[in-house]
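Notes follow the structure.
Any read-out appearing in this document is the output of simple, stated calculations on the displayed coordinates, not a laboratory observation. Fair warning: this is a prediction, and the values are worked out from it, not measured in the lab. For neighbour counting, all protein chains shown are included, and Cβ atoms are generated from backbone atoms with ideal geometry for every residue, glycine included.
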Amino acid sequence: QVQLVESGGGLVQAGGSLRLSCAASGSIFSIAAMSWYRQAPGKQRESVATITSGGSSNYAESVKGRFTISRDNAKKTVYLQMNSLEPEDTAVYYCRLWVPGLGYWGQGTQVTVSS
């Protein structure tokens, strides 16, 4: 069984930075693809960034150049460094772990960017 616990959300002014963390339990972290998603009020959940087990990453167009995803397999933790935050980045951010046939979600952490 896998549990994912996000942290690092909060209130920040536009132009500021936050770093989200997602700590995983279990034994499959190192072979899993890890992703960050977000869901703003009244909108569908959307993918923000993904990092594969091999370390390759990809990003939504809206966050390219501002957000960086990284992972530490020894700590079973994935990070999302968010810079130059905009009010449009306000959402609940969720961590997701995926291996073929299995997917797990964290409980989410709120990020609010004030203008």
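Please identify every one of the trypsin sites (Lys or Arg not before Pro) in region 11-90 that sits in a loop by DSSP and has no more than 14 other beta carbons within 10 Å of its own beta carbon.
Lys43, Lys64, Lys75
From the phi of every residue in region 58-68, what ³J(HN,Hα) in whole Hz does the Karplus formula 6.51 cos²θ - 1.76 cosθ + 1.60 yield, where θ is phi - 60° and glycine or proline is x?
Residue by residue, region 58-68 yields 8, 9, 5, 4, 5, 10, 4, x, 10, 10, 9 Hz.
With +1 on the Cβ of every Lys and Arg and -1 on the Cβ of every Asp and Glu, and nothing else charged, how large is the dipole of the chain about its Cα centre, in debye rounded to the nearest 20?
For the chain, the charge dipole is close to 220 debye.
Along the Cα→Cβ direction, 7 angstrom out, place labels at Gln39 and Gln1. What is the inter-label distance in nm?
Once both label points are built, they end up 2.2 nm from each other.
Considering the dipole of the chain built from charges on the beta carbon (Lys and Arg +1, Asp and Glu -1) around the Cα centre, which of Ile51, Asn83, Gln3 is farthest to its positive end?
Gln3
Once the piece of chain linking Ser30 and Asp72 is laid out straight, how much longer is it, given 0.36 nm per residue of separation minus the C-alpha distance between them?
Extra length from Ser30 to Asp72 when fully extended: 14.2 nm.
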